[in-house]
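A.B. asks: Structure in structure tokens, see below.
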Amino acid sequence: MTNVLEIKNLSFGYTKDVLLYDNFSLSVKKGEIKAIVGASGAGKSTLFELILNNLTPFNGEISASHISQVFQDPYSSFHPSYSLINQIEDVANLDTIDKYLSAINLERELLFKLPHELSGGQLQRASILRAMLMKPALLLLDEPTSALDNIIQLEVMNMLINNLDEMGMLLITHDLELAKWCSDEIIMI
């Protein structure tokens, strides 16, 4: 299988004295889920910022294929003044939208609303929908199911797992049981 993410000898900290990552390496292949688990402030979200090239490492190399991301806070990932469908159409093709809508239990009508008109769980599912429609090689998931009830959480995770033949996934979660259930490898930081 092809690597969709390769991190080699990464070193980074917000100061040179305290490193969050020191000679850290990680790879994700198409078809696998790896989970990053750790306490708040351990650097989980910082790792995503490094992968997305929003932060510059002190040392090391990061190589990633076509990336899509699901943020922990869905309200910050959508512009408040535009309908969800407009924001999804801006970045993705809608050819396979029905396949995903039914899999994540989201009604099509909700996509014509503004973000504040949806619940947190509905908006998070719309964020996951957008990420999937972008057809990423690498999907970064930051606490993607924390706003969802248990039944919807299971439906969403099953949909993601059922699409692993198309991508690799890196999951940030505080939920160790979720990580054990769905991941090929758990990295504790």
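Each reported figure results from applying straightforward, stated rules to the coordinates on display, with no laboratory input. Only a predicted model underlies this, so the values are computations on that prediction, with no experimental measurement involved. Neighbour counts are summed over all protein chains in view; Cβ atoms, including those assigned to glycine, are modelled from backbone coordinates with ideal geometry.
A.B. asks: Restricting the search to region 36-56, which residues are surrounded by 17 or more Cβ atoms within 10 Å (Cβ to Cβ) and either aliphatic (A, V, I, L, M) or in a loop (DSSP other than H, G, I, E, B) (or both)?
C.D. replies: Ile36, Val37, Gly43, Leu47, Leu50, Ile51
A.B. asks: State all residues of region 1-35 that are in a loop (DSSP other than H, G, I, E, B) and β-branched (Val, Ile, Thr); if no residue qualifies, say none.
C.D. replies: Those that are in a loop (DSSP other than H, G, I, E, B) and β-branched (Val, Ile, Thr): Thr2, Thr15, Val18.
A.B. asks: Taking interchain pairs and intrachain pairs at least six residues apart, which have beta carbon atoms under 8 angstrom, with the first residue in region 79-108 and of a type in the set (A, V, I, L, M) and the second surrounded by 11 or more Cβ atoms within 10 Å (Cβ to Cβ) and part of a loop (DSSP other than H, G, I, E, B)?
C.D. replies: Leu84/Phe78; Leu84/Lys113; Leu84/Leu114; Leu84/Leu118; Ile88/Leu94; Val91/Met134; Ala92/Met134; Ala92/Lys135
A.B. asks: Cβ-Cβ below 9 Å, separation at least six or inter-chain, first residue in region 9-30 and more than 20 Å from Ile67 (Cβ to Cβ), second acidic (Asp, Glu): which pairs?
C.D. replies: Final answer for the pair search is Asn9/Glu61; Ser11/Asp22; Gly13/Asp22.
A.B. asks: Within region 116-134, how many residues are touching a helix residue (DSSP H, G or I) at 6+ places or on another chain (Cβ under 7 Å) and within 27 Å of Ala64 (Cβ to Cβ)?
C.D. replies: The initial filter retains those residues of region 116-134 that are touching a helix residue (DSSP H, G or I) at 6+ places or on another chain (Cβ under 7 Å), namely 118, 120-130, 132-133.
Adding the requirement that they be within 27 Å of Ala64 (Cβ to Cβ) leaves 123-130, 132-133.
Summing the residues that are touching a helix residue (DSSP H, G or I) at 6+ places or on another chain (Cβ under 7 Å) and within 27 Å of Ala64 (Cβ to Cβ) in region 116-134 gives 10.
A.B. asks: Also, I was wondering about something else. Would you mind stating whether Arg125 is free of Cβ contacts under 8 Å to residues at least 40 places away in the same chain and either buried (at least 20 other Cβ atoms within 10 Å of the Cβ) or touching a strand residue (DSSP E or B) at 6+ places or on another chain (Cβ under 7 Å) (or both)?
C.D. replies: On the way: free of Cβ contacts under 8 Å to residues at least 40 places away in the same chain: yes; either buried (at least 20 other Cβ atoms within 10 Å of the Cβ) or touching a strand residue (DSSP E or B) at 6+ places or on another chain (Cβ under 7 Å) (or both): yes.
Yes, satisfied.
A.B. asks: Would you say Leu139 is crowded, with 24+ Cβ neighbours inside 10 Å, out of contact with any Phe, Trp or Tyr (no Cβ under 7 Å at 6 or more places or on another chain) and under 19 Å from Ile88 (Cβ atoms)?
C.D. replies: The answer is yes for Leu139.
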